[in-house]
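Undergrad: Supplied in structure tokens, the structure appears directly below.
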Amino acid sequence: MQFQDLVSKNKEDWLKVVKHPFVDQIYRGELAEEIFKFYLLQDHYYLNQSMRNMAILISKAENLKEKQQLIDILNLEANVEFAKYQELLEYYKLEAKSAEEMELTYSNLAYSNYLLAVSSQAGFAEGMAALIPCYWIYLKMAEYHQHKLKENDNQIYQEWAAVFNSADYKRLVENMLAILEKNLTEENFKKINYHFNNSIKFEYQFFSDVYQKKVWKI
């Protein structure tokens, strides 16, 4: 089995994420600044949890080479995407807060906890399958919307988008996909696809919640 089998099976769902109005408006430079700032704070929290999740997967990888690759990926993540978010938070004078101090969207909290649960309680391959959609979809977003940046006058949005079209980010995603493919078999494909698809749906809901600035309330 190959990663492309997952891509084909879930194409209808991941394309909906890639084409989400939130994403489209960032690449066009039309997204309201207040929504973007809300997104930055939510995603900063998510990325923190994602790196914790990566650490769990590093501990579960049985292959030494895969452990080393995941450590390299974690380092890239910290120095590429996470570093850019730190810059943007400083630019907008926003203070990153802990979960106890900020109002999270329901999808953010649920998604983050889902990833940690899968990586902790399921197998290594399933944990990778749940983690990958976020990184891979941002790469697909860059490929799909890149042409819109030519008419995007918002420098901040351009800088944000540039991260996901960078050589370092592409290498990060390629390395993650290579690890998953090595652990993808006909026997585990159904479980892998289940978690892969769940995370795609979480991605869509994450964008929908931030687009509406919809925090979790009764």
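Undergrad: Compute the angle between helix 167-182 and the longest alpha-carbon principal axis of the chain, please, reported from 0 to 90 degrees and rounded to the nearest 10.
TA: 30
Undergrad: Related question: Which angle from 0 to 90°, rounded to the nearest 10, does the C-alpha axis of helix 64-79 make with the longest principal axis of the chain?
TA: With both axes taken from Cα atoms, the answer is about 0 degrees.
Undergrad: In addition: Just list whichever of 19/201; 60/84; 11/148 have alpha carbons separated by over 19 Å in the model shown.
TA: Working: 19/201 13 Å; 60/84 29 Å; 11/148 22 Å.
Where the Cα-Cα span goes over 19 Å, the pairs concerned are 60/84; 11/148.
Undergrad: Report the FRET efficiency, 1/(1 + (r/R0)^6), for residue 86 and residue 56, where r is their Cβ-Cβ distance and R0 is 25 Å, rounded to 0.05. Let's see the in-between values first.
TA: Values: r = 23 Å, r/R0 = 0.92.
The formula returns an efficiency of 0.60 here.
Undergrad: Over the alpha carbons of the chain, what is the largest minus smallest coordinate on each principal axis, giving the biggest first in Å?
TA: Extents along the principal axes: 47, 39, 33 Å.
Undergrad: Divide by every residue of the chain the summed helix terms, -39500 (n - 2.57) for each DSSP H run of at least 4, and state the resulting mean residue ellipticity at 222 nm, rounded to the nearest 500 deg cm²/dmol.
TA: On the way: 11 runs with 164 residues, N = 218.
Calculated mean residue ellipticity at 222 nm is -24500 deg cm²/dmol.
Undergrad: Given R₀ = 22 Å, FRET efficiency for residue 5-residue 171 by Cβ-Cβ distance, to 0.05? Write out the running numbers ahead of the final one.
TA: Details: r = 23 Å, r/R0 = 1.03.
Once the sixth-power term is evaluated, E becomes 0.45.
Undergrad: Given a Förster distance of 30 Å, report the FRET efficiency between residue 217 and residue 117 from their Cβ-Cβ distance, rounded to the nearest 0.05.
TA: Details: r = 24 Å, r/R0 = 0.78.
Efficiency at R0 = 30 Å is approximately 0.80.
Undergrad: Could you work out the equivalent-ellipsoid semi-axes for the stretch 119-218, taking the square root of 5 times each eigenvalue of the Cα gyration tensor, largest first, in whole Å? Walk me through the numbers on the way to the answer.
TA: Working: eigenvalues 159, 79, 20 Å².
Square roots of five times the eigenvalues give 28, 20, 10 Å.
Undergrad: What is the angle, in °, between the Cα long axis of helix 124-145 and the longest principal axis of the Cα atoms in the chain? Nearest 10 is fine, range 0 to 90.
TA: 40
Undergrad: Could I ask something else about it? When the chain is fully extended, how far beyond the present Cα-Cα distance does residue 68 get from residue 15, taking 0.36 nm per residue of separation? Kindly include the intermediate steps, with their values, before the conclusion.
TA: Values: separation 53, 0.36 × 53 = 19.08 nm, distance 3.18 nm.
Residue separation times 0.36 nm, minus the Cα-Cα distance, leaves 15.9 nm.
Each reported figure results from applying straightforward, stated rules to the coordinates on display, with no laboratory input. Computed from a predicted structure; not experimentally measured. Virtual Cβ from ideal backbone geometry, glycine too; neighbours counted across all protein chains shown.
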